[in-house]
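The values are calculated or read from the model by the stated rules, or taken from the named source; none is laboratory data. Only a predicted model underlies this, so the values are computations on that prediction, with no experimental measurement involved. Don't worry about glycine lacking a Cβ; one is built from the backbone with ideal geometry, like all the others, and counts go over all protein chains shown. Just so you know, the surface numbers come from the protein's heavy atoms only, side chains and all, with ligands and any DNA or RNA stripped out. Shrake-Rupley method; radii C 1.70, N 1.55, O 1.52, S 1.80 Å.
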Amino acid sequence: MSKIYMDHGATTKPDPEVVRAMLPYYEEYFGNASSLHSIGQEAAVALNRSRQQVADLVGAQPEEIIFTSGGTESDNLALKGIASLKKNSGKHIITSVIEHPAVLNTCKYLQDNGFKITYVPVDDQGLVNPVDVEDAITEDTILISIMHANNEIGTIQPIEEIGTLAHERGVLMHTDAVQSVGKIPVNVDDLSVDMLSISAHKIHGPKGVGALYVRKGTRLESLVQGGGHEMGKRAGTENIPGIVGLAKAAELAAQRLDDDASKMCSLRDSAIKKALESIPESYLNGHPTRRLPNNVHLRFSYVEGESLLMMLDMKGVAVSTGSACSSKSLEPSHVLAALGIPPEQIHGSLRITLGRENTMDEVDYVVESLVEIVEKLRAMSPITPKH
Ligand SMILES: Cc1ncc(COP(=O)(O)O)c(C=O)c1O
């Protein structure tokens, strides 16, 4: 049975072109980019070219790109790096209740270390209201960190508005764009952000590599002390093969963005329409239009998401129950809870995240399988109302 992979929010398959671009940097050009000899300089050339390619994807300058080990480190560097540098001018940070754990747990760490964090709420479709952010700003506020698109429900936040108001009040703005980069246009000037997190493995690149965009003139403290790599903002010999892979993935994402987005939007809309029409008491989680092109997040009354996931897996379909990062936890998703969805419905939720290789036939197969499985599970469930 061939597998259908629809869990691209968790990770993506590295593009063959990405793998091909990386291999020479393991096999041949293995140098340390800091070495002065020609073998080292080959690595340095690749590093500089990669920095330009990643910068191009988000409308930045190459010297504004800091390579990291992924989205988690980028978020940590943005929040802790600013907190550490600015702790004497202010100790207040604003974020949202639906951030990824990479931001939420960093905020918790900062809170335990004397910072005050305001968590702004979201509405029942997962949108942050910029007025709530504005109202939360105080004399003590040093940073606002609101994600561009949510990893569970795909809701896209009004970052332009929030970034603009942050700057009007003299506050720095960070956005976690790990899920939006490569799927919708992302431009650091349009978004009015000072820092932006990127992860390679969400855009058909390798795992364990990412980047933080840091606007020219924005100072932050490095989390890691060592050599002067990455303009003094992230010490450690650069992971050249990984960085080359990220850059290739960025280049491909930029080239294919329009085609990928329009294809995925039509698959997404078809999946949502067909599932909602053919499964009674099924609902869409998140915003109907301000959502990532590849995100289908549904909930079904009287079923368990885990059972749905396992039965779909037996049919060769890979999806997720909620956030991939917290799928090992039995705690109800903090994102769905923030939308006001009752716990029993949260447990009946399923995240389908499409990729550029998925087809309409696959979408039809997945929806047909869902119809069959939901019916079967409801017939077995003691909580299904019997008519
Ligand atoms: C929104 C968001 N931020 C951060 C991360 C963490 O990225 P990484 O896996 O590269 O550490 C993820 C991964 O799921 C994510 O979806």
Could you run the Karplus curve 6.51 cos²θ - 1.76 cosθ + 1.60 with θ = phi - 60° over the range 289-294 and give me ³J(HN,Hα) per residue in whole Hz, x for Gly and Pro?
-> 10, 7, 9, 4, x, 9
If you take the beta carbon distance between Lys13 and Glu372 as r and set R0 to 30 Å, what does 1/(1 + (r/R0)^6) give as a FRET efficiency, to the nearest 0.05?
-> 0.65
Which percent of the accessible area of the range 16-252 is formed by carbon and sulfur heavy atoms (probe 1.4 angstrom)?
-> 50 percent
Under a plain spin-label model, where a point goes 7 Å from the Cα along Cα-to-Cβ, how far apart in nm are Asn48 and Ser381?
-> 6.0 nm
Once you've got the GNM for the chain with C-alpha springs shorter than 10 Å, pick whichever of Glu28, Glu362, Glu344 has the biggest mean-square fluctuation.
-> Glu28
Between Asn129 and Leu85, 0.36 nm times their residue separation minus their Cα-Cα distance comes to what?
-> 13.0 nm
Rounded to whole Å and sorted largest first, list the principal axis extents of the Cα atoms in the range 204-276.
-> 55, 26, 21
Of Val371, Val128, Val97, the one that fluctuates the most in a GNM where the chain has Cα springs shorter than 10 Å = Val371
Assigned charges on the beta-carbon of Lys, Arg, Asp, Glu; the range 16-252 dipole about Cα centre (debye) | 700 debye
Distance from the range 204-255 to the range 138-159 (C-alpha centre basis), Å | 22 Å
Under a GNM of the chain (C-alpha, springs under 10 Å), which listed residue has the highest mean-square fluctuation: Leu143, Leu110, Leu267?
-> Leu110
Per-residue HN-Hα couplings for the range 136-142, Karplus 6.51 cos²θ - 1.76 cosθ + 1.60 at θ = phi - 60°, whole Hz, x for Gly and Pro?
-> 7, 5, 10, 4, 8, 6, 10
Shape call, the range 167-230: gyration tensor on alpha carbons, a/c limit 1.5 | oblate
Mean accessible area per residue over the range 16-252 (1.4 angstrom probe, all protein chains present, square angstrom) is 38 Å²
Would you please give the residues with an amide H less than 5 Å from that of Asp176, counting only those at least 5 places away or on a separate chain, with H modeled from the backbone geometry?
-> Ile146, Met147, His148, Ser197
How far is it, in nm, from the label point at Ser2 to the one at Arg20 when both lie 7 Å from their Cα along the line to the Cβ?
-> 2.1 nm
Which Cα, out of Ile66, Ser222, Val317, lies furthest along the positive dipole direction of the chain (beta carbon charges, K/R +1, D/E -1)?
-> Ser222
Given 0.36 nm per residue, what is the gain on full extension from Lys116 to Glu168 after removing their alpha carbon distance, in nm?
-> 16.6 nm
Give me the percent of Cα-Cα pairs in the chain that sit more than 32 Å apart, rounded to a whole number.
-> 36 percent
What is the spin-label model distance, in nm, from Asn187 to Leu36 if the labels are put 7 Å beyond Cα along the C-beta direction?
-> 4.3 nm
Assuming R0 = 22 Å, can you tell me the calculated FRET efficiency for the pair Asp364 and Glu281, based on Cβ-Cβ distance, to the nearest 0.05?
-> 0.55
